[in-house]
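Okay, structure first, notes after.
No value in this document is a laboratory result; all are computed from the given coordinates. Not measured: the values here are computed from a predicted model. Positions of Cβ are backbone-derived with ideal geometry, glycine not excepted, and every protein chain shown enters the neighbour counts.
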Amino acid sequence: MSFDWSSVGLALIFAGFITILLAVILGFSGGRVKGGGLVLLGPFPIVFGSDAKMVRFLAYLALAFIGFFLLSMVLLAAGGLKP
């Protein structure tokens, strides 16, 4: 049985649209919406956000992603994972 990665991609796109829709609804209902972004250019993270708490959360998330990528590269090089 083969796994189809395109269905995962479509599910992530759908989840992104739902997240944006919920943010717009919260913004119009008077709630405070916090936002931020994380861009990884190789091992260098670019983090931005609407407040310090969001930036700190995204910085920790960037560290987790970098750690995951480094661990997966080490396992691939050692032959523990198959591409």
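So what is Rg over Rh here for the chain, counting just Cα atoms and using Kirkwood for Rh? Could the numbers behind the result be given before it?
Numbers: Rg = 17.1 Å, Rh = 15.7 Å.
The Rg/Rh ratio comes out at 1.09.
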Review point. What residues have an amide H closer than 5 Å to that of Gly49, excluding those fewer than 5 places away on the same chain, when H is modeled at 1.01 Å from N in the peptide plane?
Key: Gly37
Exercise for review: Averaging sequence separations of C-alpha pairs under 8 Å and six or more residues apart, then dividing by the length of the chain, give the relative contact order as a whole percent.
Suggested key: 15
Review point. Using Cα atoms only, what is the angle between the long axis of helix 5-28 and the major principal axis of the chain, expressed in degrees (0 to 90) to the nearest 10?
Key: 20
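Please give the FRET efficiency for Ser29 paired with Ala59, using the beta carbon to beta carbon distance and R0 = 22 Å, rounded to the nearest 0.05.
Numbers: r = 29 Å, r/R0 = 1.33.
After rounding to 0.05, the efficiency reads 0.15.
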Practice item. Calculate the spin-label point distance for Met73 paired with Thr19, positioning each point 7 Å from the Cα along the beta-carbon direction, and give it in nanometres. Key: 2.4
Check your understanding: Mind checking the angle between helix 52-78 and the chain's longest principal axis? C-alpha axes, 0 to 90 degrees, to the nearest 10.
Key -> 10
Practice item. Report the chymotrypsin sites (Phe, Trp or Tyr not before Pro) located in the chain that are in a DSSP loop and have at most 10 other Cβ atoms inside 10 Å of their Cβ, or state none. Key: Phe3
